[in-house]
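Asker: One structure, pasted below without further comment.
The values are calculated or read from the model by the stated rules, or taken from the named source; none is laboratory data. Remember, predicted model here, so these are calculated numbers, not experimental data. Counting neighbours? That spans all protein chains shown, and the Cβs are built from the backbone with ideal geometry, glycine included.
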Amino acid sequence: MGLTKIEEKDNPKYKKFLNYIDENLAKKGEVKYSHKVNMDKKVVEFFSEKGEILLAENLPKEFLDIVDNSIKVAVNKEEIKKNIKNIYEDPYTYVSISKYKENLILFTEQNMVNRGKIKNTMSVVLKRELTDNEKNELIYLKDNNDDEFFKKYRTYLESETTKTYINDKLELFQEIKGLTETTILYRKNEVSKEVLEYTDDSRLNAVAKEYRNDRLLKETFFKNKNIVLEKEYYANGKLAKEIPLKDGLVSGEAKDYYENGKIRSTATFVNGDIDGIVKEYNQTGKVIKETLYKNGKKIK
């Protein structure tokens, strides 16, 4: 089976582009192409290494509607048209695909000149070559169901790494590897990191962790894609708060902690309102105050 060969009767629009990839991989073990937006034609154009057009993919209707509305409400319509054209036609993206053992490696580099010296790179490693049926299914899902497309795509994915450079300095790092997604933002004197760890391939349950300069700030727990618990941490790594949630509202027993790990207070919430006895403790664990609440209102 070829890497991307698709029968013309199934996907005529993609035949030339995908056969170009297959043929170059078969001959050289590597293929290179480029693509960029053409706002006049309202398409993304794909070109061979020699500049021959391989494919024109229509831009999404939602995107074009946003552009049209921006032009309609603009005072200087010609100026906004020019600006939109410069912004969206500026990035020129170069792509190379190669094989390494059983893996398939795709590397993308995007340079944006009109918005400062910005470069985006992306490296995608697939676990193996895809069958023709698998490729046809992905193309169908891409055109009809984004959620299912990404779900299926990730079953073939070994890793995906994206980097953004501004003036040759790394500003953003993103990686998908197995069941873990990592995003790192580099600022002056600060590094922010978010790590999302799924429990299984369904990607319904997960834990999201937020860091600043490698210090854990917060954990968010998801069940069936809904947030069910949040944990916040002190600078010393000790737990500061536990907040249970249901349907976006605090629900259950919330807890505050001292930096030494001892309980500071407990409170029960129902649908976002305090309901029950709020207990406050000193640092030795002794209850020092109790306050009764009903439906969010203080009783005594």
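Asker: Take the conditions more than 30 Å from Y14 (Cβ to Cβ), surrounded by fewer than 16 Cβ atoms within 10 Å (Cβ to Cβ), among the acidic types (D, E) and outside the structural domain of K85 (by the TED database) and apply them to D146. Does it pass?
Answerer: No; evaluated as a whole, the condition is false for this residue.
Asker: Is there a residue in the range 204-211 that is out of contact with any Cys (no Cβ under 8 Å at 6 or more places or on another chain), on the phi < 0 side of the Ramachandran plot and loosely packed, with under 15 Cβ neighbours inside 10 Å?
Answerer: Taking the range 204-211 as the starting set, the residues that turn out to be out of contact with any Cys (no Cβ under 8 Å at 6 or more places or on another chain) are 204-211.
Cutting the leftovers down to on the phi < 0 side of the Ramachandran plot gives us 204-211.
Checking which are loosely packed, with under 15 Cβ neighbours inside 10 Å leaves us with 204.
Yes, the range 204-211 has at least one match.
Asker: Of a type in the set (S, T, N, Q), in the same structural domain as D275 (by the TED database) and on the phi < 0 side of the Ramachandran plot, is that true of N226?
Answerer: no
Asker: Which of the residues spanning the range 88-103 are in a helix (DSSP H, G or I) and within 22 Å of the chain's Cα centre (by Cα)? Even if it seems obvious, please write down each step before you answer.
Answerer: Step one: list which residues in the range 88-103 are in a helix (DSSP H, G or I), which gives 88-89.
Hit for the range 88-103 is Y88, nothing else.
Asker: Then there's this: Any idea which of (1) assigned to a helix (DSSP H, G or I); (2) touching a residue at least 60 places away in the same chain (Cβ under 8 Å) is the one K32 doesn't satisfy?
Answerer: Only one criterion is unmet by K32, namely (1).
Asker: Has the range 128-146 got at least one residue that is outside any helix (DSSP H, G or I), of a type in the set (S, T, Y) and in contact (Cβ under 8 Å) with a residue 24 or more places away in the chain? Walk me through it before giving the result.
Answerer: Of the range 128-146, the ones outside any helix (DSSP H, G or I) are 128-131, 145.
Subset that is of a type in the set (S, T, Y): 131.
Within this subset, residues satisfying the condition of being in contact (Cβ under 8 Å) with a residue 24 or more places away in the chain are 131.
Taking every residue of the range 128-146 in turn, at least one turns out to be outside any helix (DSSP H, G or I), of a type in the set (S, T, Y) and in contact (Cβ under 8 Å) with a residue 24 or more places away in the chain.
Asker: Hey, E253 hits all of (1) crowded, with 17+ Cβ neighbours inside 10 Å; (2) modelled with pLDDT of 90 or more but one; which does it fall short on?
Answerer: Of (1) crowded, with 17+ Cβ neighbours inside 10 Å; (2) modelled with pLDDT of 90 or more, only one is false for E253: (1).
Asker: One residue is enough: does the range 232-247 have a residue meeting the conditions touching a Pro at 6+ places or on another chain (Cβ under 9 Å) and of a type outside the set (F, W, Y)?
Answerer: Just the residues of the range 232-247 that are touching a Pro at 6+ places or on another chain (Cβ under 9 Å), to begin with: none.
No, every residue in the range 232-247 fails to be touching a Pro at 6+ places or on another chain (Cβ under 9 Å) and of a type outside the set (F, W, Y).
Asker: Name the residues in the range 248-262 that are of a type in the set (G, A, S) and touching a Phe, Trp or Tyr at 6+ places or on another chain (Cβ under 9 Å), would you? Steps first, answer last, please.
Answerer: At the first step, the residues of the range 248-262 found to be of a type in the set (G, A, S) are 248, 251-252, 254, 261.
Of everything in the range 248-262, those that are of a type in the set (G, A, S) and touching a Phe, Trp or Tyr at 6+ places or on another chain (Cβ under 9 Å) turn out to be S251, G252, A254.
Asker: Which of the strands (runs of 3 or more DSSP E) found entirely inside the range 203-277 contain at least 1 residues meeting this: closer than 25 Å to G296 by Cβ? Quick ask: steps written out before the conclusion?
Answerer: Values: elements: 206-212, 215-223, 226-233, 239-246, 252-257, 263-270.
Answer list for the range 203-277: 215-223, 226-233, 239-246, 252-257, 263-270.
Asker: Which residues, taken from the range 35-75, are assigned to a helix (DSSP H, G or I) and touching a residue at least 12 places away in the same chain (Cβ under 8 Å)?
Answerer: Start the filter on the range 35-75 by keeping residues that are assigned to a helix (DSSP H, G or I), which leaves 61-73.
Residues satisfying the conditions are L64, V67, S70, I71.
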